[in-house]
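Undergrad: Mind having a look at this structure? Questions to follow.
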Amino acid sequence: MRSPSTPASNRLALNNGVQMDRLGYGLYKVPAKDAEALVATALGEGYRRFDTAAMYGNEVGVGRALGGAIGDAAEANRGTGGSGESVHALAREDLFVTTKVWNDDQGYDATLRAFDTSMANLGLDYVDLYLIHWPCAGRGLFVESYKAMETLYREGKVRAIGVSNFQPGHLEELMGKAEVVPAVNQIELHPWLQQTRLRTLHEQLGIRTEAWSPLGRGQVLADPAIIALAEKYGRTPAQVILRWHLQIGNLVIPKASSAGRIKENLAVFDFDLDASDLDGIAGLERHHRTGSHPDNVN
């Protein structure tokens, strides 16, 4: 059963038919000590998709919150005694969990070991989406890592596999050797870095585009054009940017560290930006990165 605050319009299918929410909760830079409480808050607001990574160091807290929610729901259902009362239940299949293999663990065997560690941290029976965190092309191991992920996919330990921070050349190399088309490429993407070439390539290959740093690490919130649109629609700058992402087809995982911001980020399904305003945001491109360029990460 889905929470009333999580609209059906938040759902889409990956290239293998697996359904996921378009907007989820990102856990980059969420301290390990805060992860359990923040994920619990997000669950209460209606979030069902959670994006973590081995490198974030918060998989344990994420897993505790998700496991607690599933356990609490199961206990509540048992307490009805078959009376037919309506109890909001969270089953594992209601949740969508992404984690990522870190750069130090690339290679076939190392990736399989890293996956086992993440599973133990999360306390889950399977992961919904498993990604290669960075291509680290200079090490020459991302194809072997992906082959390990294909093994996990065939074994049913992951429902979908993909990549993160892959540039066109990385994708072309991978596609020449992969048996499973990546479901997702998670990249830095916001109004000042719109990644048009990659988005076009993703569409051609059937790969979903997922935006990390969707608000430009907060920098884009101060853009005068975004502020003007926020005033026009009676929304916050963050809501305007998140709505833009959704309307141009991006998956998006904003991070939030307060209950208010967690709630605010999900409240973007009851308005639309005009076509002229979408065009205006398209004109904000600056090719401005707030994070590292993938070619420089090894």
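The values are calculated or read from the model by the stated rules, or taken from the named source; none is laboratory data. Here the structure is a predicted model, which means the values were calculated and not measured. Every residue, glycine among them, receives a Cβ derived from its backbone with ideal geometry; neighbour counts consider all protein chains shown. SASA here: full protein model, heavy atoms, side chains in, ligands and nucleic acids out. Shrake-Rupley method; radii C 1.70, N 1.55, O 1.52, S 1.80 Å.
Undergrad: Please report, as a whole percent, how much of the solvent-accessible surface of the chain comes from carbon and sulfur atoms (probe radius 1.4 Å).
TA: 49
Undergrad: Separate question: Using a 10 Å cut-off on Cβ atoms, rank the peptides 283-295, 52-64 from the highest mean neighbour count down.
TA: Numbers: 283-295: 13.5, 52-64: 21.8.
Ranking the peptides 283-295, 52-64 by packing returns 52-64, 283-295.
Undergrad: Compare Asn103, Asn185, Asn16 in a GNM of the chain, Cα atoms joined below 10 Å, and give the one with the largest fluctuation.
TA: Asn16
Undergrad: Once you put a point 7 Å from the Cα of Ala267 and another 7 Å from the Cα of His287, both along the Cβ direction, what distance in nm separates them?
TA: Those two pseudo-labels are separated by 3.9 nm.
Undergrad: Could I have the simple spin-label model distance between Val297 and Tyr233, label points 7 Å from Cα toward Cβ, reported in nm to one decimal?
TA: Reported label-point gap for Val297 and Tyr233 is 2.8 nm.
Undergrad: Restricting the count to DSSP beta bridges whose residues both fall in the chain, what percent are antiparallel, rounded to a multiple of 5?
TA: The antiparallel proportion sits near 15 percent.
Undergrad: Let me ask another. Using the Cβ atoms and a cut-off under 10 Å, what net charge is assigned to the surroundings of Gly61, where Lys and Arg are +1 and Asp and Glu are -1?
TA: Every neighbour counted, the sum reads -1.
Undergrad: So, one more: Report the local net charge at Arg199: Lys and Arg +1, Asp and Glu -1, summed over other residues whose C-beta lies under 13 Å from its C-beta. Could you put the intermediate results ahead of the total?
TA: Numbers: positive: Arg197, Arg208; negative: Glu188, Glu203, Glu210, Glu285.
Net charge around Arg199: -2.
Undergrad: Rolling a 1.4 Å sphere over the protein heavy atoms, what is the accessible area per residue of the chain, to the nearest Å²?
TA: That works out to 41 Å² per residue.
Undergrad: Mind putting a number on the dipole of the chain about its Cα centre? Charges go on the C-beta only, +1 for Lys and Arg and -1 for Asp and Glu, and I need it in Debye to the nearest 20.
TA: That gives a dipole near 200 debye.
Undergrad: Something else about it: For Arg217, what is the net charge nearby, where nearby means another residue's Cβ is under 15 Å from its Cβ and Lys, Arg count +1, Asp, Glu -1? Show your work: numbers first, answer last.
TA: Numbers: positive: Lys29, Lys255, Arg261, Arg286, Arg289; negative: Glu188, Asp223.
Taking every Cβ under 15 Å from that of Arg217, the sum is +3.
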